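In what follows, a single structure is set out as structure tokens and then discussed.
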Amino acid sequence: MAALLSSYIGNLFSRVFAGDAPPQHATKGRAGIHPWLQVGERVNVDVLADGKAIARLEHTATVPGLKKLPSLVFELPENLRRLELRGSHVDAQGKATSFKRRWSVLDMARISHPLYDTARPLVERIRAFAELSGLVEVGDAHLPAGTSAEAVLLEAEARLGTTLPSPLRALLAEADIRIDNSYFVQPHRLQTAEGLLLGPGGYGDGNGDLGVLLPHSVLARYRRSVAVFVEIGDGLGALAWDPQGVVPGEPPNAPGDQDNPGARPATPNEGVWYWLHQEHIAEPALLLDDGYQPQTAEAALTHVFKRLALSQAASPESEEQLLVDTAHPRNLLQLHFDEPRKPRLRFRSYDHHYSLY
């Protein structure tokens, strides 16, 4: 299986980056550099695009690790071929070294751009992305015989005691979507996150008492939330929607996001989207925007394809290459140092664990 996946990804790379024609998309990509340093480390860096200086980063780490908000944001020039960093690094002991590092740039926008075309309905964007990438299977919605999508959705809402977000209703009414073994739940099979854990998750079979495993607030969230996408991999995971939203200051549980202010409520009655997983069952990871408010439904649903589909293709073939996505409005570039003179820049927007956007 690993060999087959490696071969498939290699072929995908050939399709994505073949040819000289620039990707066609409406958005203008930006990149944020997120230093991952120890407390007291400093960097002073000039950013060069195809030999031209376009930005400067001056940063001193006051907390260890990666933060959601970048230390520097800059626009990605069209048809970018090379990105270079020149500057100095001061370690936690005060030792300074200079460095210069250049990467050849590979742009993923050729397959990703439909996801960001907000002028089109979400289901059309997903179908176009599936056709370009081959990473997603999209078919017609499977509904009980003799029923309409609207009738099934109304029944599900009555059973779950909530009104589903409009983008989710439209998506489930029109399409059956799968990514490998993971899938969007068909409307007549929608259930709470607690129901998913007690059923397919196995917690109803004596494999763990949710009341013991979970804080009261988390169990209450799972009981009122709707699980809309089921992730099958190393354990069970899901994208779920909590109609009640967030409590001010509650931890986002986003990996690597150090020293954050906590969640902030946004539009009433729009709820909050989050990922749950058996490996960290007591810490649902909230999908929040840069202001730490809940993401929109469209942003959260699009996140599924970033996390589970585009993440499969987001691995460069060598350390001399840097992936970017000029269709993505927010490229997360993690900067750290393997050695004082060896900066490493990694594209993390589609990383399964660090896709903070």
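Scanning for something assigned by TED's automatic domain parsing to the domain that holds Phe184, under 19 Å from the mean Cα position of the chain (by Cα) and acidic (Asp, Glu), does region 259-278 turn up at least one residue? Even if it seems obvious, please write down each step before you answer.
Taking region 259-278 as the starting set, the residues that turn out to be assigned by TED's automatic domain parsing to the domain that holds Phe184 are 259-278.
Add one more test, that the residue is under 19 Å from the mean Cα position of the chain (by Cα), and what stays is 260, 262-263, 271-278.
Checking the rest, the ones that are also acidic (Asp, Glu) come to none.
No: region 259-278 contains no residue that is assigned by TED's automatic domain parsing to the domain that holds Phe184, under 19 Å from the mean Cα position of the chain (by Cα) and acidic (Asp, Glu).
Tell me, which residue of region 80-103 that is surrounded by 13 or more Cβ atoms within 10 Å (Cβ to Cβ) and among the polar types (S, T, N, Q) is farthest from the chain's Cα centre (by Cα)?
By that ranking, first place goes to Thr97.
Quick one: which strands (runs of 3 or more DSSP E) sit completely within region 91-200 and have at least 3 residues that are more than 30 Å from His336 (Cα to Cα) and either at pLDDT 95 or above or touching a helix residue (DSSP H, G or I) at 6+ places or on another chain (Cβ under 6 Å) (or both)?
Because the criterion is at least 3 residues that are more than 30 Å from His336 (Cα to Cα) and either at pLDDT 95 or above or touching a helix residue (DSSP H, G or I) at 6+ places or on another chain (Cβ under 6 Å) (or both), the strands (runs of 3 or more DSSP E) in region 91-200 that meet it are 137-140, 175-179, 182-184.
Would you call Gln186 surrounded by fewer than 15 Cβ atoms within 10 Å (Cβ to Cβ), polar (S, T, N, Q) and at negative phi? If you could, list the steps in order and put the result at the bottom.
On the way: surrounded by fewer than 15 Cβ atoms within 10 Å (Cβ to Cβ): no; polar (S, T, N, Q): yes; at negative phi: yes.
The answer is no for Gln186.
Val63 fails exactly one of the following numbered conditions: (1) buried (at least 19 other Cβ atoms within 10 Å of the Cβ); (2) more than 19 Å from Phe347 (Cα to Cα); (3) under 27 Å from the mean Cα position of the chain (by Cα). What is the number of that condition?
With (1) buried (at least 19 other Cβ atoms within 10 Å of the Cβ); (2) more than 19 Å from Phe347 (Cα to Cα); (3) under 27 Å from the mean Cα position of the chain (by Cα) applied to Val63, the lone miss is (1).
What's the number of the only condition in (1) outside any strand (DSSP E or B); (2) at pLDDT 95 or above that Gly204 fails to meet?
Every listed condition holds for Gly204 apart from (2).
Which one is farthest from Val218 (Cα to Cα) among residues in region 235-285 that are hydrophobic (A, V, I, L, M, F, W, C) and assigned to a loop (DSSP other than H, G, I, E, B)? Quick ask: steps written out before the conclusion?
We begin by selecting, within region 235-285, every residue hydrophobic (A, V, I, L, M, F, W, C); these are 236, 238-241, 246-247, 254, 263, 266, 272-273, 275-276, 281-282, 285.
Checking the rest, the ones that are also assigned to a loop (DSSP other than H, G, I, E, B) come to 246-247, 254, 263, 266, 281-282.
On the way: Val246: 11, Val247: 12, Ala254: 15, Ala263: 15, Ala266: 20, Ile281: 9, Ala282: 7 Å.
Ranking the candidates gives Ala266 first.
How many residues, within region 1-38, are at pLDDT 95 or above and either of a type in the set (Lys, Arg) or over 22 Å from the mean Cα position of the chain (by Cα) (or both)?
Total meeting the criteria: 0.
The values are calculated or read from the model by the stated rules, or taken from the named source; none is laboratory data. Quick caveat, the model's predicted, so the values are computed rather than measured. Methodologically, a virtual Cβ is constructed for each residue, glycine included, from the backbone with ideal geometry; neighbour enumeration extends over all protein chains shown.
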